Amino acid sequence: MTGRDPFRHPGPGLSFGAAGDCWPCVEAYIGRGATPCKRWLAMVFAQKAGFLRERTAMTELELRGFRILPGYLDGARQAALVDGLRAVAAKAPLFTPMTPMGRAMSVRMTSAGRYGWVSGSSGYRYDAAHPGGGPWPDIPGGVLQIWRDLVSARRDPDCCLINYYGEGARMGLHQDRDEADFSWPVLSISLGDDGLLRVGNTARGGSTVSHWLRSGDVVVMGGDARLTYHGVDRIRFGSSSLLSGGGRINLTCRVVD
Ligand SMILES: O=C(O)CCC(=O)C(=O)O
Ligand SMILES: [Fe+2]
């Protein structure tokens with residue numbers, strides 16, 4: 001929540017700002033029966049409207065069915081997530097995936113959970129083992145908490161895909177469609193540098209819209225938008241100080257099977 005709700009009783013000794021000088025109005029406001037002056041009422045209602053606008057702008061956006069929660073994670077939660085992800089990458093190192101066409105993707109990635117997302121000449125798939133061998137580490141508790149709060153406490157995700165965008169990295173328009181059950185949304189968490197999300201349609205082609213995702217923003221891609229094409233055109237390298245070496249991390253949590 002941001003800003004002070006002007007409809008809340010400010011408490012003894014706290015000023016109402018410019019309007020607070022008019023004691024009969026303050027008394028009326030807190031219910032002692034005096035008649036407030038019009039100027040004071042107008043000011044309180046203007047503040048209330050501004051407060052609501054600000055709160056709406058800060059809490060939620062909708063972009064072609066994607067639910068975007070700007071600034072969902074504060075700085076401390078972002079830093080704690082990065083610590084957990086460092087531990088994941090220490091056990092399951094980032095690798096450069098190859099597309100089925102044999103081209104190196106510009107993002108580096110790894111995963112946590114029962115499955116990791118891998119790609120290669122045989123196509124895109126989920127695998128229980130890291131390409132270097134061995135299981136994927138557990139999904140960090142801080143990531144699971146976001147899923148439970150925003151998606152479901154009934155079932156945890158099977159995979160948390162971790163994408164790292166260094167300078168110049170991007171991700172072309174695609175659908176997330178390697179999962180068995182599209183009734184489960186994909187939960188996306190952005191950390192570090194700003195990334196320009198592009199959102200298209202449920203079928204290939206057509207118009208697109210773009211939105212800059214910032215560190216701490218969370219997106220829920222579900223419902224009718226579960227198969228909507230999306231990608232990341234570019235990042236603003238160095239725009240955030242969260243990651244010491246710069247770059248952007250995006251986490252996507254998915255129910256796989
Ligand atoms: O980096 C992002 O914001 C999106 C990543 C994504 O679409 C994916 O990993 O499938
Ligand atoms: Fe995706």
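So what J values fall out for segment 79-86 if you push phi through Karplus, 6.51 cos²θ - 1.76 cosθ + 1.60 with θ = phi - 60°, rounded to Hz, Gly and Pro as x?
Result, ordered by residue: 5, 5, 4, 4, 4, x, 6, 4 Hz.
Using alpha carbons only, how many angstrom separate the centre of segment 231-254 from the centre of segment 117-154?
19
If I ignore ligands, DNA and RNA and count only protein heavy atoms, how much of F95 is accessible to a 1.4 Å probe, in Å² to the nearest 10?
It works out to around 40 Å².
Taking 0.36 nm per residue of sequence separation and subtracting the Cα-Cα distance, how much length would be gained by fully extending the chain between S244 and A80, in nm to one decimal?
Values: separation 164, 0.36 × 164 = 59.04 nm, distance 1.40 nm.
That works out to 57.6 nm of additional length.
With a 1.4 Å probe and all protein chains in place, put R148, R86, R155, R248 in order of accessible area, largest first. Mind showing how you got there, number by number?
Values: R148 95, R86 130, R155 75, R248 5 Å².
So, going from the largest accessible area down, we get R86, R148, R155, R248.
The values are calculated or read from the model by the stated rules, or taken from the named source; none is laboratory data. Model, not experiment: these values are computed from the prediction. Side chains are part of the model used for accessible areas, which takes the heavy atoms of the whole protein and leaves out ligands, DNA and RNA. Shrake-Rupley method; radii C 1.70, N 1.55, O 1.52, S 1.80 Å.
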